[in-house]
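Quick notes on the structure that follows.
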Amino acid sequence: MGSKRDSSRRRFPGAETIRASGLSLDTGYSLLADETRRRVLEVLDEGDRTTVAGLAERLEADGAPGLDARRASTALVHVHLPKLGDAGVIEYDDQTGEVALSNTGRRLLRPGDGRTAGTA
């Protein structure tokens, strides 16, 4: 696995990429302004579906300051996942707790990736 808290090394999208993903600049920058949301997007970009519990454990393992799995889970459920879901960047089922990166999220993180071309 990668080093703890290396999300600052990832280059996140600029204005053109945010627009190309279908998000407004305000929405895109608002989503990416928060370190926890950036880390959630990175984790989801690494694999398929996961659960809220899986994300929370990953955030704790990555060494987010003051964030144990219980606190991470609470923050994910009440703040971060609804915000990312409302923007269409993730697919989040609050009944099952399943979370996945949406095609919009993939376009945001990987512009020009042929796997998402022409999909909603």
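The values are calculated or read from the model by the stated rules, or taken from the named source; none is laboratory data. Treat the numbers as computed from the prediction; the structure is a model and nothing was measured. Methodologically, a virtual Cβ is constructed for each residue, glycine included, from the backbone with ideal geometry; neighbour enumeration extends over all protein chains shown.
See the values below:
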read-out	value
Boolean, residue 87 is farther than 20 Å from residue 18 by Cβ, under 14 Å from the mean Cα position of the chain (by Cα), touching a residue at least 24 places away in the same chain (Cβ under 8 Å) and surrounded by 16 or more Cβ atoms within 10 Å (Cβ to Cβ)	no
When residues of segment 1-43 are limited to those that are hydrophobic (A, V, I, L, M, F, W, C) and loosely packed, with under 11 Cβ neighbours inside 10 Å, the one modelled with the lowest pLDDT	1
